[in-house]
Amino acid sequence: MRLRVALAVAAVAALAAPAAARAEAVALLVDESGARTVIRVDGPSGVLTSESTRLHGLITEGDRASGAFDVVAVEDPASTVRRLERRIEWNDRWRLPLTIVLAATVLVLAAVRPLWALRAILLGLAANLWLSPLAALAAAAAALALPLGWASAAVVAAYLAVLGLDADAVALSPLGPSQVNRFYGVNNLIATLLLVPALVGTALLRRLGVAVAAAAVVAVGGNRFGADGGGLVVLLAALAVLWLRLDDRRLTPRVALATAAAVALAALAFTAVDAATGGSSHVTASLSDGPSGLVTDVADRLEASARRAVSSLGAALVVAAGILVLVAVALRTQPSPLRDALLAALVISVLVNDTPTDVLGLGAVVAVAVARADPLLVAPRHEGLRPWFDPFVASHARRRR
């Protein structure tokens, strides 16, 4: 009797006790349209992540369907996902206004103080790293205080360091990837802006500029860093044109074809070495399908670019205005190594990337700034002795072309 009473009491107590908390992992699930929903998966407590997003707390529908995701243990999974959602929403809301402010500032400075316009681009890139405060402050200080060549080198070095050590600071930056089709690394907006410090630093520092060029290539194209295949091709082409023009080579059709072949081979070799040493991204995945996969990827990008160029009246106006400005820069400004390299880069970027508003809109602004500042990039001899408090002057003498 006593045993039955004890069992009955235990059963009632068990029913009355609160159910044990069920362990689960949380994440934002993003679909192809960019819509995000919170999902929960039974298993270890934490947040979900995947190779396709490289962000803790965000996976794609494809990741969930294939099971290609992992659980990362965090102290408060729900709060981690909420913070990520707020950051993505903030970037979505402010990316366009901030881009417009930066573009307007650069254009105004290009009209009245051309060298300041280049500094403004460097400062914009530095400010974009604000989620990594030390790197942002160091890059901003360099952009203001150092001679222009060294300032450009410092900004490139800052992006290389942050992409390698704190990639989320770029992935979730205001000008960074949209977290729809691109989740990490360098997007076309940042890659277009990075052309300025990459080319200016390479041109002005001359022999030391080789290090700037190498750092920029790794930052933009490295699978562990920017992982931007299109940006890699664009940057290599720009550097090739810059080298040819600095060496007084004429861009004849034969030279242009040889340069294009060299750029393609260099991009393939760089990506192959990167993959062989453990790097992986959507770039290596595309190349793993062979030539047919590469051709398909380029065709898809061209189709997407054409579709987005006319997706709205605003997009069409930006693309048309960008083309007109670039044509005017090409026809009405003095040829120079920097200008020619930048224009070549933007033409190729339109062909290999799929965001024409970013490439043509912001590219036109950058081209105006470079074309206006370029005639002033000749400084006295002993430039290395220039005082640190005179920031708005060029840093290194170079021959005019």
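Annotations
- Condition check for Val325: assigned by TED's automatic domain parsing to the domain that holds Arg372, closer than 17 Å to Gly229 by Cβ and out of contact with any Asp or Glu (no Cβ under 9 Å at 6 or more places or on another chain): no
- So Gly185, is it under 15 Å from Leu362 (Cβ atoms) and at pLDDT below 95: no
- When each of Arg207, Arg254 is tested for being farther than 28 Å from Arg372 by Cβ and among the charged types (D, E, K, R), the lone residue that passes is Arg254.
- Note on region 103-119: among residues that are in contact with a helix residue (DSSP H, G or I) (Cβ under 9 Å, 6 or more places away or on another chain) and free of Cβ contacts under 8 Å to residues at least 60 places away in the same chain, the one that is surrounded by the most Cβ atoms within 10 Å (Cβ to Cβ) is Thr105.
- Segments classed as strands (runs of 3 or more DSSP E), wholly inside region 33-149, with at least 1 members that are more than 26 Å from Gly226 (Cα to Cα), of a type in the set (Val, Ile, Thr) and not assigned by TED's automatic domain parsing to the domain that holds Val318: 36-42
- Yes/no for Ala158 being assigned by TED's automatic domain parsing to the domain that holds Ala269, under 16 Å from the mean Cα position of the chain (by Cα) and modelled with pLDDT under 95: no
- Count of region 321-353 residues which are without any contact (Cβ under 8 Å) to a residue 60 or more places away in the chain, surrounded by 13 or more Cβ atoms within 10 Å (Cβ to Cβ) and not basic (Lys, Arg): 13
- Only listed residue being under 25 Å from Ala117 (Cα atoms) and part of a loop (DSSP other than H, G, I, E, B), chosen from Leu189, Leu175, Leu208, Leu195: Leu175
- Of the residues making up region 330-350, not one is hydrophobic (A, V, I, L, M, F, W, C), over 22 Å from the mean Cα position of the chain (by Cα) and at pLDDT below 95.
- Counted residues, region 120-131 - those being surrounded by 20 or more Cβ atoms within 10 Å (Cβ to Cβ) and aromatic (Phe, Trp, Tyr): 0
- Test: residue in region 254-263 that is more than 25 Å from Gly322 (Cβ to Cβ), crowded, with 18+ Cβ neighbours inside 10 Å and modelled with pLDDT under 95: no
- Flag set for Gly46, criterion: over 21 Å from the mean Cα position of the chain (by Cα), on the phi > 0 side of the Ramachandran plot and buried (at least 19 other Cβ atoms within 10 Å of the Cβ).
The values are calculated or read from the model by the stated rules, or taken from the named source; none is laboratory data. Just so it is clear, the structure is predicted and the values come from calculations on it, not from any experiment. Methodologically, a virtual Cβ is constructed for each residue, glycine included, from the backbone with ideal geometry; neighbour enumeration extends over all protein chains shown.
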